[in-house]
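The values are calculated or read from the model by the stated rules, or taken from the named source; none is laboratory data. Nothing here was measured: the structure is a model prediction, and the numbers come from that model. Every residue, glycine among them, receives a Cβ derived from its backbone with ideal geometry; neighbour counts consider all protein chains shown.
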Amino acid sequence: MPESLAEKIRAAGWDELKALANACSLCSMASSRQHVVFSDGDPGPGLVIVGEAPGAEEDLQGLPFVGKSGQLLTSMLESLNIVRRKDAVILNVLKCRPPQNRNPQPEEISCCGHYLERQLEILAPRVLLLAGRFAVGSLLKLEGNFSIGRQRGRIHQVMIGGRTVPAVVTYHPSYLLRSPLEKAKSWDDLLLLKSAMRDAGIL
Ligand code: URA
């Protein structure tokens, strides 16, 4: 990433950051994407949810988590009275859809990480929900083949803008669609999330 762009990102407000992301051409996904998927929601809510990367439906609509896995996530949250946009802003590690939904590559995560870092500084979340291994790996700075199962069930602390923010780890909803028996564990994660939100005074 050219230092001049990195500097602009570091200094940008929310709308300027969105404009910079919309114009981003740092990697090859710039030529395959239909939309840059910046966020669902604007600064305000105390909960920020971080997923992996847009899929086909997200690329089409320009919004995160609107396809099948997003519908599952949305309905699980709603059954606990957590409503998108009102209570939570949703982001992804990558802002553009990887071709054929392949995994994000390390250099893409590092490039897009400049946008994610600034988004989180501006949003100043009180609580984070990290969904899936790319969100967990990026924000907890875990490398290699770590197990999501071993990271679940406790509150982590993530440093954002010089402040520690409690973070709950959960499985990615697309994994739950493939392995529905794991849903029970995800419900436990969401209950932990609710208690972290209560502790933070945002529920
Ligand atoms: N999976 C994600 O991680 N994010 C989306 O926006 C859609 C599917």
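Values as computed for the structure displayed
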quantity	calculated
Of all residues in segment 103-139 being of a type in the set (K, R) and away from the ligand (no atom under 14 Å from the Cβ), the one that is nearest to L60 (Cα to Cα)	R118
Test: L120 is assigned to a helix (DSSP H, G or I), within 16 Å of L140 (Cα to Cα) and touching a residue at least 24 places away in the same chain (Cβ under 8 Å)	yes
Number of the exception - V168 against (1) farther than 23 Å from E117 by Cα; (2) of a type in the set (A, V, I, L, M, F, W, C); (3) in contact with a Leu (Cβ under 7 Å, 6 or more places away or on another chain)	(1)
Subset of segment 43-75 [farther than 22 Å from P166 by Cβ, more than 10 Å from the ligand (Cβ to nearest atom) and not in a helix (DSSP H, G or I)]	G62
Some residue of segment 93-103 being at pLDDT 95 or above and in contact with a strand residue (DSSP E or B) (Cβ under 7 Å, 6 or more places away or on another chain)	yes
Scope segment 76-117; condition on the phi > 0 side of the Ramachandran plot and in a helix (DSSP H, G or I); matching residues	Q100, N101
Long-range neighbours under 7 Å by Cβ, at least six apart or interchain, first residue more than 17 Å from Q119 (Cβ to Cβ) and within 14 Å of the ligand (Cβ to nearest atom) within segment 76-102, second at pLDDT 95 or above and of a type in the set (D, E)	R97/E58; R97/D59
Qualifying residue in segment 184-192 (condition: part of a loop (DSSP other than H, G, I, E, B) and not aromatic (F, W, Y))	no
Any hit, segment 3-18, residues being part of a loop (DSSP other than H, G, I, E, B) and hydroxyl-bearing (S, T, Y)	no
Candidates S186, S195, filtered to the one that is surrounded by 19 or more Cβ atoms within 10 Å (Cβ to Cβ) and either under 17 Å from the mean Cα position of the chain (by Cα) or away from the ligand (no atom under 16 Å from the Cβ) (or both)	S186
Selection within segment 141-181 - within 16 Å of the ligand (Cβ to nearest atom) and either in a helix (DSSP H, G or I) or more than 14 Å from the chain's Cα centre (by Cα) (or both)	I148, P173, S174, Y175, L176, L177, R178, S179
Number of the exception - S39 against (1) among the hydroxyl-bearing types (S, T, Y); (2) within 25 Å of T164 (Cα to Cα); (3) away from the ligand (no atom under 16 Å from the Cβ)	(3)
